[in-house]
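Trainee: Before we start, here is the structure in question, set down as structure tokens.
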Amino acid sequence: MPTELVRAHLTWLQAAGRAGNTVKDRARLLHHANRHLPHGLDYASEEEIARYLARPDWSDWTRYTYRQHISGYYMWAVRRGHLTLDPTADLPKPRQGPQLPQPCTDEELAIALTAPAPFGRAMWLAAYAGLRCGEITAAHRSHITDGRLRIHGKGGKVRNVPISPLLADELQHERGLLLGEDWTPHKLTKRQRDAWHAVGLPLTMHLHRGRHWFATSLLEQGADVRVVQQLLGHSSLATTEGYLAVTDVRTRDAVALLPRVAEPVGVRLGDPRAA
């Protein structure tokens, strides 16, 4: 069970206007930590936190995410005098995981789009609108007007982007929430792996690879990187660049653009005038 202090922290986040998904994620991760630490969050030592974060079955990204949420809780508690010590203050930050883009292939995407509901539909929204998992579960048919999709994004930000004609055709008969009432970001993320595996896709497949495909495909078709940044809902261009796979074709085409420089008339190699 969550402690009174955890409840107070979550209430504070809501009062501060943090996005609903942010509060839900914080609550889920803090509850997990509170259950698995020997004496709970409020009495944990630095060594106990370190052992908790060192779980061998966690990826770098998972470890980094848990550490960020736990540290946020402790910083809040110490600043307000609820606790005297932040046991994460001197812990080294875990790596964030690889920053290289991981778009799915066209063949993988074609298979993923045929997956049973709601996973095929979720991949349509990831690959043809660039939506995050939380944005997918919040997407509603009423958010599509005049050929544009209103996306309720990360941090409570809302963006309106043109909708792909292919996606518009896919969604033309839909009503209400596009994935249905029962789907949350956590539930969709947790169950998608089995869905992709069931249609013959590798275990490395996930919805975010569809979002990477969206960004990389736009770049391949000549879209400006800042346009891609806006469509993805990134506040930083550096974040967008982590989504863009640079293919052999683009590097070859780029090098082919280098101009030929004509040799000056009357000047030969070795001539001091050529220096």
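Trainee: Which condition number does ILE151 fail, the rest of (1) modelled with pLDDT under 95; (2) buried (at least 19 other Cβ atoms within 10 Å of the Cβ); (3) in a helix (DSSP H, G or I) being met?
Mentor: (3)
Trainee: Show the residue pairs meeting these rules: Cβ distance below 6 Å; 6+ apart or different chains; first residue within segment 52-80 and more than 15 Å from LEU30 (Cβ to Cβ); second residue modelled with pLDDT of 85 or more and assigned to a helix (DSSP H, G or I).
Mentor: Note: pairs meeting the criteria are ARG63/LEU53.
Trainee: Being assigned to a helix (DSSP H, G or I), touching a Pro at 6+ places or on another chain (Cβ under 7 Å) and crowded, with 19+ Cβ neighbours inside 10 Å is true for just one of TRP213, TRP196. Which residue is that?
Mentor: Of TRP213, TRP196, the one residue that is assigned to a helix (DSSP H, G or I), touching a Pro at 6+ places or on another chain (Cβ under 7 Å) and crowded, with 19+ Cβ neighbours inside 10 Å is TRP213.
Trainee: In this structure, does TYR43 turn out to be aromatic (Phe, Trp, Tyr) and over 25 Å from the mean Cα position of the chain (by Cα)?
Mentor: On the way: aromatic (Phe, Trp, Tyr): yes; over 25 Å from the mean Cα position of the chain (by Cα): yes.
For TYR43, the condition - aromatic (Phe, Trp, Tyr) and over 25 Å from the mean Cα position of the chain (by Cα) - is met.
Trainee: What number of residues within segment 145-166 are touching a strand residue (DSSP E or B) at 6+ places or on another chain (Cβ under 8 Å) and free of Cβ contacts under 8 Å to residues at least 60 places away in the same chain?
Mentor: Here the count works out to 9.
Trainee: If you take the residues of segment 113-124 that are assigned to a helix (DSSP H, G or I) and without any contact (Cβ under 8 Å) to a residue 60 or more places away in the chain, which of them is surrounded by the most Cβ atoms within 10 Å (Cβ to Cβ)?
Mentor: TRP124
The values are calculated or read from the model by the stated rules, or taken from the named source; none is laboratory data. Keep in mind that this is a model prediction, so the values were computed, not measured. For neighbour counting, all protein chains shown are included, and Cβ atoms are generated from backbone atoms with ideal geometry for every residue, glycine included.
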